[in-house]
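Report on the following structure.
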Amino acid sequence: PTGALHFDELIAAEQKIEPRDWMPDAYRKTLIRQIAQHAHSEIIGMQPEGNWISRAPTLKRKAILLAKVQDEAGHGLYLYAAAETLGINRDELVEMLVSGRQKYSSIFNYPTLTWADIGAIGWLVDGAAIVNQVPLCRCSYGPYARAMIRICKEESFHQRQGYEILYTLSHGTAGQKAMAQDAVDRWWYPSLAMFGPPDGDSTHSEQSMAWKIKRFSNDDLRQKFVDMCVPQAEILDLKLPDPDLHWNAEEGRHHYTQPDYTELMRVIKGDGPCNRQRMAHRRRAHDDGAWVREAAAAYAKKKAAA
Amino acid sequence: PTGALHFDELIAAEQKIEPRDWMPDAYRKTLIRQIAQHAHSEIIGMQPEGNWISRAPTLKRKAILLAKVQDEAGHGLYLYAAAETLGINRDELVEMLVSGRQKYSSIFNYPTLTWADIGAIGWLVDGAAIVNQVPLCRCSYGPYARAMIRICKEESFHQRQGYEILYTLSHGTAGQKAMAQDAVDRWWYPSLAMFGPPDGDSTHSEQSMAWKIKRFSNDDLRQKFVDMCVPQAEILDLKLPDPDLHWNAEEGRHHYTQPDYTELMRVIKGDGPCNRQRMAHRRRAHDDGAWVREAAAAYAKKKAAA
Amino acid sequence: MTDALALADDALIAAQRLAEWCSRGPELEEDIALANIALDQLGTARLLLTHAGQENGRTEDDLAFLRTDREFRNCLLVELPDGDFAVTMVKLLFLAAYQKPLYESLSEDGELGPIAAKAVKESTYHLDHAKLWTIRLGDGTEESHRRAQAAVDDLWPYTHELFEPPFDPLRTTWLETVQTTLEEATLTRPEDRWRPTGGRSGVHTEHLSLLLAEMQVLHRAHPGATW
Amino acid sequence: MTDALALADDALIAAQRLAEWCSRGPELEEDIALANIALDQLGTARLLLTHAGQENGRTEDDLAFLRTDREFRNCLLVELPDGDFAVTMVKLLFLAAYQKPLYESLSEDGELGPIAAKAVKESTYHLDHAKLWTIRLGDGTEESHRRAQAAVDDLWPYTHELFEPPFDPLRTTWLETVQTTLEEATLTRPEDRWRPTGGRSGVHTEHLSLLLAEMQVLHRAHPGATW
């Protein structure tokens, strides 16, 4: 079909595919799945950080954290909007999240146990997200690429704030430093696992690369992340919890221990420490809000009729 | 009627009226009202103290407070049982509390703001209750009198515990002492008001005295309470918040400022600081427990049928 | 400057309650709006606390994290728990309809002027948002009407404390705003009867010390630390 | 004595959760029963904490009020919020069916023997009470059955943590007790799949630090004070 030809040409020419363009069904489905999962991750990701807003240790930190969680809601909005350009609506997407038919990033199934976790999430989790997402700013699908540009800007701001929290803690009292180290110990491997299974086991990667949705392999991005974190950890004066981590001069990269991918699969399947809690929270908020949404709809209908 | 004669003779001879004895309708009604109100007070009284169980400052204090609040539930049980001997059942009584048709002591419509309030409630509120209740151990209605004997024993134990809390605070840090003084400042006048309106304005008193339900007038009991508190306050090294309080050598009693009876009437009518909160709490507990009570009843019925 | 402290505490406790909605809103847009309003209130609280603490050399964090509930000066209205979304919105309506004219009058004030002027703009938005929702809920479905009316009935008594002297003249403006909104929302204005009070002198409800226990726990656990 | 500390923390956190029911029970008798059980757990916790603190010169209150959640060793089961009465009773069933044989085995122990012997008697009563209610709820009404089954399903995964080595032999006794009760209650035993863990090494759920914030607030606000 001419559509397919045009599509292939656009992809080859590094041009953007736009909503009105013809695209293969599988491309559309892959994008919907990926963008939705990304949006859901922003929404669920509000919970672990939201857990510390009420207890933030200073008013300034409280304001920064609240603004950050608010940004995540905003990212959720952009991304749902981007997904909607592919012919699915937000109610359907929300329904798929709440019913568990679509996933969100497994990283948010770990608990935030101390204030330092807010720092570690900013530094490591947002750091990993950025490494993952920067290439998405060049994704072949226009609306997604443009949403990512906006999101990446904010994410890098968040990452700096997280880094700054950890820096303050690691240069604070002994108790604060211990809290920072403990958080890094718990978040390091889950962050490495954010890049997904090793390339050999990655199911969707090859096609996504061909479609220029994905630009780098999971392992390449993971390596990039490790190489980025090592010098930062040194400035933070915190240890990454990997005794085998070292610079491999021959290969020009750090050697590091792989995360436990069996654990990753377990968490993806629903058996992480907080999967049930996150889903129950989301469902409760959704259910508790039903009467409000109904009221708004009823009122709008009345006004439209009048 | 011979019943009436017998009743009058028993009362005159300081004998007890028992459930099987004939009694005037008004006597029965007065007792039901008074015992029910007393039972309800124990139940509602669990709330202000229950408010601090989760935050008690030591494990020993937590255990003592929890046991005390449990005792109050127990008192509620004895008293409901005593009321039931008068031909009303507990479900009806609970319904009258929850619907607001029967009252409970207004003192429990004040909030417990600090830990010292637990001490002040023990010392002043339980103290006032004891002064009120000791004469009830000689009440003409047998089941009520016997319940009161048991209750008074426990109350005096509670009062000692409250006194001890305040003593520890007033001999502790400056912050603790201030907390104790503040609590006494807030609980003193409401405790005085526990004895009811001044004798001139008291509606039910005369008949209750004749029936030997009540033995002393409101003002006599209030005076007794003040005379008891003054030397205790001295040992506690806490000030009673009444600049006019002084020993009147001629009358052989303390002169003191009357509590604000307009405030008392306002609280009785439902406009104290916590009336709505206490009632809402009670109603919620009652409603939330409905499915449990239904399950127990359904199960008992099945077993009885089998 | 007890007055600045009272306003600061109103804003701070309101922010703390509003932030409880974070990730729990009835829709995503509302999550964002509530966080916005919480951030505005928190921002004003910080400026006012800094101002209030100047004369005694206390920082905003000293005042926010190291006072007990007996030292807080906020009105009772803001510390009440937010049962459902209707309570939150009606509470915000009552609060913003009070804060807006109050900040307007203070924006002429030499010392607080600049802070108040900024807050006027924000509370105008808060008020609009709360009006909109109160009307939607009151004139929405049967259930939303019932919930909104219950919220109005429960919260109304607590509004009297806002207009204790010398703030009594503000009540006229407040009543106008609120009554117009209630009417459009098909909600009934309750009678003026019960007038709970005490917040301005530090005699709060049992809810505040529990709120502060959570708010202050981390700060207090590490005395003198930098964050 | 990490073991004593783990048992102490189980009992302490269970007591704190049970005490939340105070003045909220479905009937007066149950208010009294739940307070009784809470008092028993608290009593055992105090003895065990005193024992555990001896070697480091720490009192029961030092251990209860001055540790963070990362230092608590209780199982996750006891820290989970008590949603409704069914959750509370099923949680108590799972806990008491574990505590009873555990204390029995420890009552031979030289050091902990006397504490454990006392606790055996108490947990026998707790277990009876929890069984009775689980059966009533499971075999009561449709609604109570639904709630009881939901509680069983939600809590079951957290019981695996109780039987991590060296406590795995206890599971046989536990399963017998629990299965018999579930059967009589017409409730279905869930599959063994998810096995959340971490409590014994101080990696808790997000609930514990909030519970401790409230429990410890007053003690921590007055360092070194006597109460």
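The values are calculated or read from the model by the stated rules, or taken from the named source; none is laboratory data. No experiment lies behind these values; they were computed from the predicted model shown. We place every Cβ from the backbone using ideal geometry, glycine too, and count neighbours over all the protein chains shown.
Of the helices (runs of 4 or more DSSP H) entirely within region B:261-306, those holding at least 1 residues that are more than 8 Å from every other protein chain (Cβ to nearest Cβ) and either surrounded by 17 or more Cβ atoms within 10 Å (Cβ to Cβ) or among the hydroxyl-bearing types (Ser, Thr, Tyr) (or both) occupy B:261-266, B:275-288. Residues that are more than 19 Å from D:Ala97 (Cα to Cα), aliphatic (A, V, I, L, M) and at pLDDT 95 or above within region D:1-21 comprise D:Leu5, D:Ala19, listed in sequence order.
Of everything in region A:242-260 that is touching a strand residue (DSSP E or B) at 6+ places or on another chain (Cβ under 8 Å) and more than 16 Å from A:Lys224 (Cβ to Cβ), the residue that is surrounded by the most Cβ atoms within 10 Å (Cβ to Cβ) is A:His246. The residue of region C:13-50 that is nearest to the chain's Cα centre (by Cα), among those that are among the small types (Gly, Ala, Ser) and in a helix (DSSP H, G or I), is C:Ala14. Of all residues in region B:58-99, exactly one satisfies the criterion of being part of a helix (DSSP H, G or I) and polar (S, T, N, Q), namely B:Gln70.
Of B:Gln258, B:Gln223, all but one fail to be touching a residue at least 40 places away in the same chain (Cβ under 8 Å), among the polar types (S, T, N, Q) and more than 14 Å from every other protein chain (Cβ to nearest Cβ); the exception is B:Gln258.
Taking the conditions (1) part of a loop (DSSP other than H, G, I, E, B); (2) at pLDDT 95 or above in turn, B:Phe216 satisfies each one other than (2).
When C:Tyr103 is tested against (1) assigned to a helix (DSSP H, G or I); (2) in contact (Cβ under 8 Å) with a residue 60 or more places away in the chain; (3) more than 8 Å from every other protein chain (Cβ to nearest Cβ); (4) of a type outside the set (A, V, I, L, M), exactly one condition is not met: (2).
Does C:Ala35 fit the bill of being touching a Phe, Trp or Tyr at 6+ places or on another chain (Cβ under 9 Å), small (Gly, Ala, Ser) and within 29 Å of A:Ser41 (Cβ to Cβ)? Yes.
This table checks each residue for (1) among the aromatic types (Phe, Trp, Tyr); (2) more than 14 Å from chain D (Cβ to nearest Cβ).
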{"position": "A:Asp91", "(1), (2)": "no, yes"}
{"position": "A:Thr112", "(1), (2)": "no, no"}
{"position": "A:Trp115", "(1), (2)": "yes, no"}
{"position": "A:Trp123", "(1), (2)": "yes, yes"}
{"position": "A:Cys152", "(1), (2)": "no, yes"}
{"position": "A:Arg186", "(1), (2)": "no, no"}
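Looking across A:His286, A:His281, one residue alone is over 30 Å from D:Gly202 (Cα atoms), out of contact with any His (no Cβ under 8 Å at 6 or more places or on another chain) and touching a residue at least 40 places away in the same chain (Cβ under 8 Å). It is A:His286. Across region A:35-79, what is the number of residues that are among the polar types (S, T, N, Q), more than 7 Å from chain C (Cβ to nearest Cβ) and in contact with a helix residue (DSSP H, G or I) (Cβ under 6 Å, 6 or more places away or on another chain)? Looking only at that region, the number is 1.
Scanning region C:193-227 for residues that are within 14 Å of chain D (Cβ to nearest Cβ) and closer than 16 Å to C:Leu80 by Cβ returns C:Glu206, C:His207, C:Leu208, C:Ser209, C:Leu210, C:Leu211, C:Leu212, C:Glu214, C:Met215. The condition (being more than 21 Å from A:Ala120 (Cα to Cα) and at pLDDT 95 or above) is satisfied by just one residue among A:His255, A:His204: A:His255. For A:Leu5, the criteria (1) among the hydrophobic types (A, V, I, L, M, F, W, C); (2) in contact with a helix residue (DSSP H, G or I) (Cβ under 9 Å, 6 or more places away or on another chain); (3) part of a helix (DSSP H, G or I) hold in every case but one, which is (2).
For the structure I just gave you, tell me whether B:Leu31 is among the aliphatic types (A, V, I, L, M), in contact with a strand residue (DSSP E or B) (Cβ under 6 Å, 6 or more places away or on another chain) and either assigned to a helix (DSSP H, G or I) or within 14 Å of another protein chain (Cβ to nearest Cβ) (or both). Taking the combined requirement at face value, the residue satisfies it.
Out of the residues in region C:50-67 that are within 19 Å of A:Ile53 (Cα to Cα) and within 10 Å of chain A (Cβ to nearest Cβ), state the one that is surrounded by the most Cβ atoms within 10 Å (Cβ to Cβ). Step by step, filter region C:50-67, then rank; the result is C:Ala64. Can you find a residue that is more than 16 Å from the chain's Cα centre (by Cα) and away from chain A (no Cβ under 12 Å) anywhere in region C:72-88? Within region C:72-88, none of the residues are more than 16 Å from the chain's Cα centre (by Cα) and away from chain A (no Cβ under 12 Å).
When region B:253-278 is filtered for residues that are closer than 24 Å to C:His207 by Cβ and either among the basic types (Lys, Arg) or touching a His at 6+ places or on another chain (Cβ under 7 Å) (or both), the ones remaining, listed by number, are B:Arg266, B:Lys269, B:Arg276, B:Arg278.
Is it fair to say D:Pro157 is of a type outside the set (Phe, Trp, Tyr), away from chain C (no Cβ under 14 Å) and either assigned to a loop (DSSP other than H, G, I, E, B) or at positive phi (or both)? Criteria not met by D:Pro157.
Listed by position, the helices (runs of 4 or more DSSP H) enclosed by region B:113-181 that each have at least 3 residues that are among the charged types (D, E, K, R) and in contact (Cβ under 8 Å) with a residue 24 or more places away in the chain are B:142-170. Of all residues in region A:165-184, exactly one satisfies the criterion of being facing chain C (nearest Cβ under 10 Å) and over 16 Å from C:Leu218 (Cβ atoms), namely A:His171. As a summary of the residue check, D:Arg147 satisfies the conditions (1) more than 30 Å from A:Met179 (Cα to Cα); (2) away from chain B (no Cβ under 14 Å) except for the one numbered (2).
Residues that are within 20 Å of C:Leu92 (Cα to Cα), touching a residue at least 60 places away in the same chain (Cβ under 8 Å) and of a type in the set (D, E, K, R) within region C:32-77 comprise C:Asp40, C:Arg73, listed in sequence order. Here the condition is being buried (at least 16 other Cβ atoms within 10 Å of the Cβ), in a helix (DSSP H, G or I) and over 19 Å from the mean Cα position of the chain (by Cα); of D:Leu211, D:Leu187, D:Leu137, it holds for D:Leu137 alone. Restricting region B:1-29 to residues that are modelled with pLDDT of 95 or more and buried (at least 19 other Cβ atoms within 10 Å of the Cβ), which is farthest from B:Gly122 (Cα to Cα)? Here the residue is B:Met23.
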